[in-house]
Amino acid sequence: MSLVMNLPEQNTDVLVIGAGMAGLSAAAELQRAGRRVRVLDKGRGVGGRLASRRIGEASFDHGAQFITTRDPRFAAALASWRQTGVVEEWCRGFAEKADGHPRWRGKPSMNSVAKHLAHGLEVFVEKQVVALHCLQDQWRAETNTGEVYSASAVVLTPPVPQSLALMAAGGFVLPPEMHARLAAIDYERCLAVMAVLDGPSHLPPPGGLAPAEGPIAWIADNQLKGISAEPAVTIHATHAFSLEHWDGDRPVSGRLLLEAAAEWLGAGIKTFQVHGWRYSKPMRVHEQACVILNQFPPLVLAGDAFAGPKVEGAALSGWAAAEAILKSTT
Ligand SMILES: Cc1cc2nc3c(=O)[nH]c(=O)nc-3n(C[C@H](O)[C@H](O)[C@H](O)COP(=O)(O)OP(=O)(O)OC[C@H]3O[C@@H](n4cnc5c(N)ncnc54)[C@H](O)[C@@H]3O)c2cc1C
């Protein structure tokens, strides 16, 4: 009953759930092909793990740190973003591990890439989908505030456990074997510390380092990277540290990580914040670039768990999902 009462005024061809790299890539491709597309995201803005934050005059990339390319199609997209001024080369490797392979950073920060992709798309933020219902030839996505968005096809791009939960809540049952394979996709966790320093850090140029041991997986100087006016470091904890401290007090975990980073900080800490990425990186990647879960009405699952645990993989998966929808709806 509530579904009928909350029907939106306008139906759409394709509903994309999630405005991260995968969802935005799928939506842009579908819109380019002439489909009416609507994107819903639970966050306050677009980008998902392509995330940036400001603390005063300091700027941080606290999710994805840089973009790399291997696939020719993604390389072409990146070249166009470079021309538009949305990305620029950060470096060609870090310290002794410099391998000559370009690392691209968003300009002015990583989230700008997502904002650029979202331009011209119908994106609704702060819309948390809680259930996905299949009603005859339509999908209906219900949000936590009781709104319902209907569409002839759906692309689901949240991390896989979250996508499975939406389907289960809507009573959409997957074949047991497929469910088991998708349910086996687990993700690393990552506690991310963003600290504003009172002076330059001791990190060597170009400002990124992956320690070989200890609780820190990655530390970056956002000022050396060229995105922060003030000295500002991002620290990513290892999965093991993040798992152990996940339910603990976040400021306490943040202080432990800052202590572990002391030799690279070399300056006092003015202030810091901690962000927890529950679904940081998929530990295993599905063998297909996207998964068609229902032919009619089409339902496709996409994201970095399908074409590779990186920004590039998420884009490739989003494009594969768009192609699957276009094929099944022509
Ligand atoms: C700490 C960290 C460091 C990383 N470093 C790098 C790196 O250096 N280079 C690299 O290439 N990759 C890196 N990655 C990985 C990269 O960020 C991801 O692979 C990529 O951004 C994933 O994009 P996605 O669209 O698949 O998922 P996401 O970006 O997670 O997008 C999914 C979206 O779905 C939304 N959503 C979830 N549930 C719902 C719901 N119920 N209703 C509505 N919306 C919902 C979320 O809000 C989110 O915006 C890093 C990731 C992390 C976390």
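Assorted remarks:
- Every residue from segment 299-315 that is of a type in the set (A, V, I, L, M) and within 10 Å of the ligand (Cβ to nearest atom): ALA302, ALA305, ALA307, VAL311, ALA314, ALA315
- For first residues located in segment 122-140 and under 17 Å from LEU30 (Cβ atoms), partners that are of a type in the set (Asp, Glu) and modelled with pLDDT of 95 or more and lie 6+ apart or on another chain with Cβ distances below 9 Å form the pairs VAL123/ASP41; PHE124/ASP41.
- Taking segment 245-330 as the region of interest, the helices (runs of 4 or more DSSP H) fully inside it that hold 1 or more residues being touching a Pro at 6+ places or on another chain (Cβ under 7 Å) and farther than 30 Å from ALA58 by Cα are 304-307, 311-328.
- Considering residues of segment 40-64 that are small (Gly, Ala, Ser) and out of contact with any helix residue (DSSP H, G or I) (no Cβ under 9 Å at 6 or more places or on another chain) only, the residue surrounded by the most Cβ atoms within 10 Å (Cβ to Cβ): GLY43
- Boolean, PRO200 is without any contact (Cβ under 8 Å) to a residue 40 or more places away in the chain and either away from the ligand (no atom under 15 Å from the Cβ) or of a type in the set (Phe, Trp, Tyr) (or both): no
- Lone unmet requirement of (1) more than 10 Å from the ligand (Cβ to nearest atom); (2) free of Cβ contacts under 8 Å to residues at least 60 places away in the same chain for ASN294: (2)
Conditions (1) in the same structural domain as THR145 (by TED's automatic domain parsing); (2) away from the ligand (no atom under 12 Å from the Cβ), marked per residue:
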position: ALA33; (1), (2): yes, yes
position: ALA58; (1), (2): no, yes
position: GLY63; (1), (2): no, no
position: ARG82; (1), (2): no, yes
position: ASP99; (1), (2): no, yes
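- Flag if GLY268 is within 12 Å of the ligand (Cβ to nearest atom) and surrounded by fewer than 21 Cβ atoms within 10 Å (Cβ to Cβ): no
- Residue, farthest from the chain's Cα centre (by Cα), within segment 292-330, restricted to residues that are among the hydrophobic types (A, V, I, L, M, F, W, C) and over 25 Å from VAL173 (Cβ atoms): LEU326
- Residue in segment 65-80 that is nearest to ALA237 (Cα to Cα), counting only those that are surrounded by 15 or more Cβ atoms within 10 Å (Cβ to Cβ) and either among the hydroxyl-bearing types (Ser, Thr, Tyr) or near the ligand (Cβ under 6 Å from one of its atoms) (or both): GLN65
- Residue match in segment 112-124 (condition: farther than 16 Å from VAL39 by Cα and not in a helix (DSSP H, G or I)): no
- Matching entry among ALA26, ALA19 (being hydrophobic (A, V, I, L, M, F, W, C), buried (at least 22 other Cβ atoms within 10 Å of the Cβ), part of a loop (DSSP other than H, G, I, E, B) and within 10 Å of the ligand (Cβ to nearest atom)): ALA19
- Of everything in segment 167-215 that is closer than 21 Å to ASP99 by Cβ and of a type in the set (A, V, I, L, M), the residue that is surrounded by the most Cβ atoms within 10 Å (Cβ to Cβ) is LEU203.
- Evaluation of PHE241 against (1) in a strand (DSSP E or B); (2) free of Cβ contacts under 8 Å to residues at least 60 places away in the same chain (one fails), failing number: (1)
The values are calculated or read from the model by the stated rules, or taken from the named source; none is laboratory data. Quantities reported herein were computed from a predicted structural model and do not represent experimental measurements. Cβ: placed from backbone, ideal geometry, glycine included. Neighbour counts: every protein chain shown.
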